[in-house]
Amino acid sequence: MDVRPLDWTGDRLVLLDQTRLPAEETYREYADAEGVARAIETMVVRGAPAIGVAAAYGVVLAARTAAEGAPDRFRGAVAAAADRLARTRPTAVNLFWALDRMGRVLGRVAGKAPAAAVAELEAEARRIHTEDVAANQRLGRLGAGLLPDPCTVLTHCNAGALATAGYGTALGVVRAARDAGKRVRVVADETRPLLQGARLTAWELHRDGIPVTVICDNMAGARLRRGDVDAVIVGADRVAANGDTANKIGTYPLAVLAREHRVPFYVAAPRSTVDPSVPDGDAIPIEEREAGEVSRCGGAATVPDGVAVWNPAFDVTPADLITAIVTDAGVARPPFTESLRALLGPR
Ligand code: MRU
């Protein structure tokens, strides 16, 4: 069953509120860029590719508003909205990649009437949206070829339809394997602190009829030791030029465990997630979020008041722990500096 985390109506962005899942399927409408920026910050919409698509539509909403004002202010107002959107979440490179694409269109339409500029910006946002689904379907097919039949895949966080424009990256591989007739089961880490695995991955797979078992993050070692996991597949927020990969906090220890148990560790990501301008993982900015996400759970305190909390949203998995990076341009194998450049070009 199709999961649509975001939809464009022509004058509004509609987001499935991911903070309310699995209890409620609530859709929210956004008519201005500030609302979209807040939706990204509060994770109504989350997942690197979905953030990029939402931000692109945020620019369109800003342009629609600016087109009603003085023509000489149009470009400055849209650029300011893009800057605001860029300050929401620092790690997912798809956000900056999408805003760059929108910025290039804004530069190109400088001399045109605002209404014509809005139309071109909207067309670009729609392209970013549809291209992401196509990229996921393609990388899904490539990744599915790596899986045995039957197989059990362990995943972390949510790199599914909800995290993208649709279909998913890590879960796109799972879906493509299922669609190719393979019997595939998923073990989903719950993914503390915000439980994207338990709440979101389990929700979308269960809806899709794909068998899924949720485990607490600290059970992954025991599960891998049992010997019935064939592959670990995760998504990515940013892949550096050398293959080092930032993804949801807890991905790195999973990669260490996979190496110890000789289980292949795959990263699935569209080319918009690869950032050749960043040489290695140390140069990837890691978002730190508010302490309350860790010190409270379901409204109840889990940490005594006054106790320090560290809440990085992502960690970096060094390239040498990664078996392959599955992109829509092909499957990159170590050494990644060469294989990623060969697949994607220097860009
Ligand atoms: O903080 P989140 O929920 O936005 O983190 C999401 C992830 O870490 C995903 O694995 C990543 O963005 C890839 S989504 C296809």
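None of the figures in this text is laboratory data; all of them are computed from the coordinates on show. If you're wondering where the values come from, they're calculated on a predicted model, not measured in any experiment. We place every Cβ from the backbone using ideal geometry, glycine too, and count neighbours over all the protein chains shown.
Observations on the model:
- With both residues required to sit in segment 145-344, DSSP beta bridges show an antiparallel share near 40%.
- Of the GluC sites (Glu not before Pro) found in segment 34-134, the ones in coil according to DSSP and having at most 14 other Cβ atoms within 10 Å of their Cβ are Glu68.
- Note on the chain: dipole from Cβ charges, positive end direction compared against Phe265, Thr191, Ile249; the farthest Cα belongs to Phe265.
- For segment 6-136, the spread of Cα positions along each principal axis, largest first, Å: 47, 28, 25
- Cβ-to-Cβ counts within 10 Å put Tyr27, Tyr252, Tyr167, Tyr57 in ascending order as Tyr27, Tyr252, Tyr167, Tyr57, the fewest first.
- Cα gyration tensor category, rounded, prolate or oblate, for the chain with a/c compared to 1.5: prolate
- Seen through its C-alpha gyration tensor, with square-root eigenvalues sorted a ≥ b ≥ c, segment 145-344 comes out oblate because a/c lies at 1.5 or above while a/b is not bigger than b/c.
- Dividing the mean sequence gap of close Cα pairs (under 8 Å, 6+ apart) by how many residues segment 16-73 holds gives a relative contact order of 33 percent.
- Gain upon complete extension [His206, Trp310; 0.36 nm per residue less C-alpha separation]: 34.2 nm
- Relative contact order %, segment 6-136, counting alpha carbon pairs below 8 Å whose residues are six or more apart: 24
- Charge dipole of segment 6-136 about the Cα centre (unit charges at C-beta), most positive-ward option of Ile128, Ala62, Val109: Val109
- Charge tally for Asp7 (other residues, Cβ to Cβ under 15 Å; Lys, Arg +1; Asp, Glu -1): -3.
- Residues of segment 154-173 with an amide N closer than 14 Å to a point placed 7 Å from the Cα of His261 along the Cα-to-Cβ direction: 154-156.
- Fully extending the segment from Ala180 to Ala110 would add 20.5 nm, taking 0.36 nm per residue of separation and subtracting the current Cα-Cα distance.
- Local electrostatic count at Cys216 - Lys and Arg +1, Asp and Glu -1, tallied over other residues with Cβ under 12 Å: -1
- Under the simplified labelling scheme, the Asp320-Thr130 pair shows an inter-label distance of 4.5 nm, with each label point 7 Å from Cα along Cα→Cβ.
- Charge dipole magnitude, Cβ of K and R +1, D and E -1 - segment 1-50, Cα centre, debye nearest 20: 140
- Here Glu290 and Ala80 are evaluated by their C-beta separation; at R0 = 25 Å the FRET efficiency comes out at 0.45.
- Relative contact order of the chain, pairs being alpha-carbon contacts under 8 Å that are 6 or more residues apart, as %: 16
- DSSP beta bridges fully contained in the chain are about 50 percent antiparallel.
- Put the Cα centre of segment 80-138 next to the Cα centre of segment 185-260 and the gap is 30 Å.
- The ranking of Val36, Val294 from fewest to most other beta carbons within 10 Å of each one's beta carbon is Val294, Val36.
- Cα centroid of segment 153-174 to Cα centroid of segment 272-290, whole Å: 20
- As a calculated quantity, the FRET efficiency between Val14 and Ala70 at R0 = 25 Å, using C-beta atoms, amounts to about 0.25.
- Dipole magnitude for segment 6-136: computed about the Cα centre from +1 point charges on Lys and Arg Cβ and -1 point charges on Asp and Glu Cβ, it is near 380 debye.
- Estimated 222 nm signal from helices in the chain, with DSSP H stretches of n ≥ 4 weighted -39500 (n - 2.57), rounded to 500: -12000 deg cm²/dmol
- Positive minus negative residues near Phe74 (Lys, Arg vs Asp, Glu; Cβ under 14 Å): +2
- Given charges at Cβ of Lys, Arg, Asp, Glu: the chain dipole, positive-most of Thr327, Ala48, Val294: Thr327
- When Trp97, Trp8, Trp310 are arranged by Cβ crowding within 10 Å, least crowded first, meaning fewest neighbours, the order is Trp310, Trp8, Trp97.
- Cβ-placed point charges (K, R +1; D, E -1), dipole of the chain about Cα centre in debye, nearest 20: 640
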